[in-house]
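This report refers to the structure that appears directly beneath it.
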Amino acid sequence: MSRLWVFNGSPSFVDGAAAFITEAAAKAIAERGRFTLALSGGGTPKSVYARLAREDYRQRLAWDRVQVFFGDERCVPPDDPDSNYRMAREAWLDQGPIPVTNVHRIRGEDDPANEALRYEQEIRAWFRTAACPVFDLILLGLGDNGHTASLFPGTASLRERERLVVAQYVEVMRSWRVTFTAPLINAARSKAFLVRGAGKAQMIWNVREGPYQPDVWPAQLIEPAGGELHWLTDAAAAPRTRPD
Ligand code: 6PG
């Protein structure tokens, strides 16, 4: 199941996405007593995370039942301006609703290959499984070039089918990344792309309606796969017909 949500002002994209996340959390906590969430990075989710820190959202559920992981990280120190962890801390996590022991960051300051192995083991240990862990919700962004998480066009990470987390040198970014792989993302009960702005309209159309070429547009690797796939967008990003 794949669903397109277009938040066109009532509610706003930020409130629509924040409500989507809190409703998914409330459902998971009611059904299984916990909510396992993987955050996306970049710029789009920052305002959504900040909304979740607002008092009215803090009152909506038992945030101590929420476990927060990161779908990818730039290989930089945790206080670096490029750090996804720093972005999430400043926008949301430092406001306190989620216990710090429930936040599982990728150690961007460490050796990428070793950290990918360590993080995969941390995830497996937390889920207590040797099989593929099943997150309740994985948030995803969509890059201008069709990447998602840190699965970039033309990289070996796109072909990974065994590992859950890998390190990848991204030539176009001239930097190392640690990222969830497509198998781990697709195993989640729910995957939600958070994409806004006219600049993403063409790429959303490409990924959803264009020819299947995941090596070019890696976001096409993400499928419902027995769970749910959601596209949370605003009116500017969501093409009803092929954008010009
Ligand atoms: C990252 C993200 C990446 C991001 C997209 C979209 O670490 O950069 O995980 O996948 O979501 O690049 O970024 P924007 O939301 O800033 O356009």
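The values are calculated or read from the model by the stated rules, or taken from the named source; none is laboratory data. Quick caveat: nothing in here was measured; it's all calculated off a predicted structure. Quick reminder, even Gly has a Cβ in these numbers, built from the backbone with ideal geometry, and neighbours come from all protein chains shown. Areas reflect the complete protein model, heavy atoms only, side chains present, ligands, DNA and RNA absent. Shrake-Rupley method; radii C 1.70, N 1.55, O 1.52, S 1.80 Å.
How big, in percent, is the set of alpha carbon pairs in the chain lying more than 25 Å apart?
Working: 11117 of 29646 pairs.
That fraction is 37 percent.
Can you give the Kirkwood hydrodynamic radius of segment 29-97 from its Cα pairs, in Å with one decimal? It would help to have the intermediate numbers written out before the result.
Values: mean 1/r = 0.0785 Å⁻¹.
By the Kirkwood definition, the hydrodynamic radius is 12.7 Å.
Grab the alpha carbons of segment 1-57, take their convex hull, and tell me the volume per residue in Å³. Show your work: numbers first, answer last.
Numbers: hull volume 6.5 nm³, N = 57.
It is 115 Å³ per residue.
Consider all pairwise Cα distances in segment 18-134 and report the whole-number % of them above 24 Å.
Numbers: 1737 of 6786 pairs.
Roughly 26 percent, once rounded to a whole number.
Per Stokes-Einstein, at 10 °C and 1.306 mPa s, what whole-number D in µm² s⁻¹ belongs to segment 155-236, with the Kirkwood radius over Cα pairs as the hydrodynamic radius?
Details: Rh = 13.9 Å.
Estimated diffusion coefficient is 114 µm²/s.
What is the percent carbon and sulfur in the accessible area of segment 67-106, measuring with a 1.4 Å probe over the protein chains and ignoring ligands?
Numbers: 700 of 1590 Å².
Answer for segment 67-106 is 44 percent, counting heavy atoms of protein chains only.
Projecting each Cα onto the charge dipole of the chain (Lys/Arg +1, Asp/Glu -1 at the beta carbon, about the Cα centre), which of SER157, ALA198, GLY33 comes out farthest on the positive side?
About the Cα centre, the residue reaching furthest to the positive side is GLY33.
Dividing the convex hull volume of the Cα atoms of segment 74-119 by its residue count, what figure in Å³ per residue is obtained? Could the numbers behind the result be given before it?
Values: hull volume 2.8 nm³, N = 46.
In segment 74-119, the Cα hull volume divided by residue count equals 61 Å³.
Taking the Cα centre as origin and putting +1 on Lys and Arg beta-carbons and -1 on Asp and Glu beta-carbons, what dipole magnitude results for segment 128-239, to the nearest 20 debye?
Working: 11 positive and 10 negative charges, 48 e Å.
Computed charge dipole of segment 128-239: roughly 240 debye.
Arrange the peptides 135-142, 31-38 so that the one whose residues have, on average, the most other Cβ atoms within 10 Å appears first.
With the highest mean Cβ count within 10 Å placed first, the list reads 135-142, 31-38.
Output the peptides 195-202, 121-128 sorted from most to least packed, where packing is the average of other Cβ atoms within 10 Å over each peptide's residues.
Values: 195-202: 18.0, 121-128: 14.0.
Taking the mean over residues of other Cβ atoms within 10 Å, the ranking is 195-202, 121-128.
Can you run the Rg to Rh ratio on segment 86-149? Use alpha carbon positions and the Kirkwood inverse-distance Rh. The partial results should precede the final answer.
Details: Rg = 14.0 Å, Rh = 14.1 Å.
Rg/Rh for segment 86-149 comes to 0.99.
Please report Rg (one decimal) and Dmax (integer) in Å for the Cα set of segment 101-211.
14.6, 43
Using a Förster radius of 35 Å, what is the FRET efficiency between ASP79 and ALA125 based on their Cβ-Cβ separation? Nearest 0.05, please. Spell out each step's value before the answer.
Working: r = 26 Å, r/R0 = 0.75.
It comes out at approximately 0.85.
Find the centroid of the Cα atoms in segment 1-28 and in segment 117-164, then give the distance between the two in whole Å.
Computed from Cα coordinates, the inter-centre distance equals 23 Å.
Between VAL48, ILE98, ASN8, whose Cα lies farthest towards the positive end of the dipole of segment 1-126 when Lys and Arg beta carbons carry +1 and Asp and Glu beta carbons carry -1, centred on the Cα centre?
ASN8
Taking amide hydrogens as modeled 1.01 Å from N in the peptide plane, which residues meet the under 5 Å criterion relative to LEU140, leaving out close sequence neighbours?
ALA192, PHE193, LEU194
Using +1 on the beta carbon of Lys and Arg, -1 on that of Asp and Glu, and nothing else charged, what's the dipole of segment 1-129 about the Cα centre, debye to 20? Intermediate results must be reported in sequence, preceding the final value.
Numbers: 18 positive and 19 negative charges, 124 e Å.
Here the size comes out at about 600 debye.
With +1 assigned to the C-beta of every Lys and Arg and -1 to the C-beta of every Asp and Glu, and no other charges, what is the dipole magnitude of the chain about the Cα centre in debye, to the nearest 20? Can you show the working numbers first?
On the way: 30 positive and 30 negative charges, 116 e Å.
I would put it at about 560 debye.
Going highest first, how would you order 113-119, 230-236 by mean Cβ packing within 10 Å? Let's see the in-between values first.
Working: 113-119: 18.4, 230-236: 20.7.
The packing order, highest mean first, is 230-236, 113-119.
Assuming 0.36 nm per residue, please report the length gained on full extension of the stretch ASN8 to ALA225 beyond their Cα-Cα distance.
Length difference between fully extended and current span is 75.3 nm.
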